[in-house]
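Heads up, the thing below is written out as structure tokens.
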Amino acid sequence: MDLVEKIKILKNHFNAKNYKKVIEGASKLLKKIPKNDYLLNLTGMAYQGLSQHNNSIKYFSEALKHAPNNVAAMNNYANALKATGKFEQSQNLYEKILKINPNYINAYNNYANLKTLINDYEGAIVLYKKALDLVKINKNIPQSSIVNFLFSLAVAYQSENKIEETKKTVDEIFSIDPNHVGAHKLTSSLLKYTKENKDSLDHINKMESIYRQINNNDYEKKVDLSYALGKAYEDIKDFGSAYQFYEKANELKFDKFGSNIDAEKKAIDNIIKTFSDINLAKSNQGIQKKKIIFILGMPRSGTTLMEQIISSHSEVYGAGELIYLQQVLKNNFVNDSKYNKQLIVDYQNSSKNIVFSEYINYFKLYNFEEKIITDKAPQNFRLIGFIKLFFPNSKIIHCYRNQKDNCLSLFKNTFASNTMNWTNKAEDIAKYYNLYSKIMKFWKTKIPDFIHDVEYEKLVTDKEKEIKEILNFCELNWDEKCLNPDKNSKTPIKTVSIAQARQPIYKSSVNSSNNFDKYLEKMFKILD
């Protein structure tokens, strides 16, 4: 069999997502032809498919040594750097690609995705539009690619709260593909369905028609439509039908990905054990030029609303839901999937604050002047001990709400991260909530004055009183704009809370779990 035929077989394996076979086969060929940039790039892409980005970087870098102007390898290299948080290097590569080949469409799309990560949605929108201009004049580009770019553009508009532009872009998608599931789900997030509104009912019927045509094997589309239909039926108060669609979505996710609740229990128990006798009164005293407000709690507990409130303040920049703290801690303290206690103590006593420095370095490409930043990654509740040690000037806002309402909200939403696979099963959602309660009690016994609790129900009932207390805790002067977070256009939203957080503060979700009591009895009984 000649080389061309062998490479063709590897490419077929890649298209079938048999990434390990690609790596094995390419490895054998590279022993004979180690400078083949095509094979090096293909191997890197296979490692990308396995989410082994550091391995992929080695192969893309090697490919570029032998073929410096291979824009495909360069694009993949930039994507891998982006995935590992090396944003500046990633940006430099995208710009280099577009100088070499201004018509390289994938670079525009991937560069735009990087822009969204650093909250530069205006820059992302410009790049998506450039990509669309190119694909529309290129007759060899399939319609599906045009739709994909349009959908990315629509999501960017929605994150920027540009609702009319979002709707126009969705209409353009429907003119090409009337059954585009992502666009229908996005539409469902923009609509408030009512039985009296014919357009509402027509859209439900349209989604159900598409739903019936989709095979269960077409996992993502089935899941997305299940959630969209669940939301629509909940809006019109048909809670039985809503539950059936939500349950179907969760069943599909559980069948495909299972649950990681056991791993989460081990991780939380490990953190409690690690910090049980670390002196949290002694923080690293390295210089900190920026102050961070960490907004945390269970996912779907009101953290997005809280960030919109605080970042409405003229002195605060809302950075959104960040993974930077987790990445820095993993890079410095994790051995064999556990935190190394001795390393933590060594860093605690160091004259330099390496953790803070590495964390703040992620913001190099961000464009803001404020000295105060919000980080609203909810599950940083697990990392409060680290925050106390390495961010002693920071503030922690802990959001919580009615536990049944919180668990219901998790049950009826989907999350991209595989670390959230515990949400794929109702009973595991309740078990995770109990783990969250356990570690929060632990932190409160160790550093009670470091954490400010905000109860969602109190916030929506007496917002001015609660917001004044929050700003006072954060050592911020009163700012009237914080009372109207729905008018906050300076902080993009890219979480599942986007539609709710763009509304005025409302009470309608309080006790919403009562509508599902008879369907989710098993989940609610597990709660402590």
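Of all residues in the stretch 208-230, how many are buried (at least 17 other Cβ atoms within 10 Å of the Cβ) and part of a helix (DSSP H, G or I)?
At the first step, the residues of the stretch 208-230 found to be buried (at least 17 other Cβ atoms within 10 Å of the Cβ) are 210-211, 214, 221-230.
In the following step, the residues that additionally are part of a helix (DSSP H, G or I) were identified as 210-211, 221-230.
Matching residues across the stretch 208-230 total 12.
Hey, could you check the stretch 359-386 for residues that are over 28 Å from residue 432 (Cβ atoms) and acidic (Asp, Glu) and say which is least open to solvent (accessible area, probe 1.4 Å)? Steps first, answer last, please.
Just the residues of the stretch 359-386 that are over 28 Å from residue 432 (Cβ atoms), to begin with: 360-361, 363-372.
With acidic (Asp, Glu) added as a condition, the list becomes 369-370.
Numbers: 369: 167, 370: 44 Å².
Within the stretch 359-386, the match that is least open to solvent (accessible area, probe 1.4 Å) is 370.
Within the stretch 359-379, can you find the residues that are out of contact with any helix residue (DSSP H, G or I) (no Cβ under 6 Å at 6 or more places or on another chain), in a helix (DSSP H, G or I) and within 23 Å of residue 312 (Cα to Cα)? It would help to see each step written out before you state the result.
Kept after step one, since they are out of contact with any helix residue (DSSP H, G or I) (no Cβ under 6 Å at 6 or more places or on another chain), are these residues of the stretch 359-379: 360-361, 363, 366-373, 375, 377, 379.
Pick out the ones that are also in a helix (DSSP H, G or I) and you get 360-361, 379.
Those that are out of contact with any helix residue (DSSP H, G or I) (no Cβ under 6 Å at 6 or more places or on another chain), in a helix (DSSP H, G or I) and within 23 Å of residue 312 (Cα to Cα): 360, 379.
Tell me the residue from 41, 70, 54, 18 that is open to solvent by 90 Å² or more (accessible area, probe 1.4 Å) and among the polar types (S, T, N, Q), please. I'd like the intermediate steps shown before the answer.
Numbers: 41 fails: open to solvent by 90 Å² or more (accessible area, probe 1.4 Å); 70 fails: open to solvent by 90 Å² or more (accessible area, probe 1.4 Å); 18 fails: open to solvent by 90 Å² or more (accessible area, probe 1.4 Å).
Answer to the check: 54.
Give the stretch 6-32 a look and list any residue that's among the β-branched types (Val, Ile, Thr) and over 14 Å from residue 59 (Cβ atoms), or say none. Give the derivation first.
Start the filter on the stretch 6-32 by keeping residues that are among the β-branched types (Val, Ile, Thr), which leaves 7, 9, 22-23.
Once the filter is applied, which keeps residues that are among the β-branched types (Val, Ile, Thr) and over 14 Å from residue 59 (Cβ atoms), the stretch 6-32 yields 7, 9.
Which condition from (1) buried (at least 17 other Cβ atoms within 10 Å of the Cβ); (2) in a helix (DSSP H, G or I); (3) under 18 Å from the mean Cα position of the chain (by Cα) is the one that residue 356 breaks?
Result: residue 356 passes all but (3).
Please determine whether any residue of the stretch 114-134 is charged (D, E, K, R), open to solvent by 50 Å² or more (accessible area, probe 1.4 Å), closer than 19 Å to residue 167 by Cα and assigned to a helix (DSSP H, G or I).
Yes: one or more hits.
Pairs only if they're at least six apart or on different chains, beta carbon under 7 angstrom, first in the stretch 112-128 and free of Cβ contacts under 8 Å to residues at least 40 places away in the same chain and charged (D, E, K, R), second surrounded by fewer than 19 Cβ atoms within 10 Å (Cβ to Cβ) and assigned to a helix (DSSP H, G or I); list them, first residue then second.
115/123
For residues that are modelled with pLDDT of 80 or more, among the hydroxyl-bearing types (Ser, Thr, Tyr) and part of a loop (DSSP other than H, G, I, E, B), tally how many sit in the stretch 482-517.
Residues flagged as modelled with pLDDT of 80 or more, among the hydroxyl-bearing types (Ser, Thr, Tyr) and part of a loop (DSSP other than H, G, I, E, B) within the stretch 482-517 amount to 1.
Might you let me know whether the stretch 265-281 holds any residue that is open to solvent by less than 30 Å² (accessible area, probe 1.4 Å), part of a loop (DSSP other than H, G, I, E, B) and within 19 Å of residue 451 (Cα to Cα)?
Within the stretch 265-281, one or more residues are open to solvent by less than 30 Å² (accessible area, probe 1.4 Å), part of a loop (DSSP other than H, G, I, E, B) and within 19 Å of residue 451 (Cα to Cα).
Pairs needed: first member in the stretch 245-257, surrounded by 16 or more Cβ atoms within 10 Å (Cβ to Cβ); second member anywhere, part of a helix (DSSP H, G or I) and among the hydrophobic types (A, V, I, L, M, F, W, C); C-beta distance under 7 Å; at least 6 residues apart or different chains.
Qualifying pairs under 7 Å: 245/229; 246/411; 249/223; 250/411; 250/426; 252/223; 253/223.
The values are calculated or read from the model by the stated rules, or taken from the named source; none is laboratory data. Bear in mind that the values here come from a model prediction, so they are computed numbers and not experimental data. Cβ sites come from the backbone with ideal geometry, for glycine too, and all protein chains shown count toward neighbours. Each accessible area value is taken on the protein alone, full model and side chains, heavy atoms only, with ligands, DNA and RNA left out. Shrake-Rupley method; radii C 1.70, N 1.55, O 1.52, S 1.80 Å.
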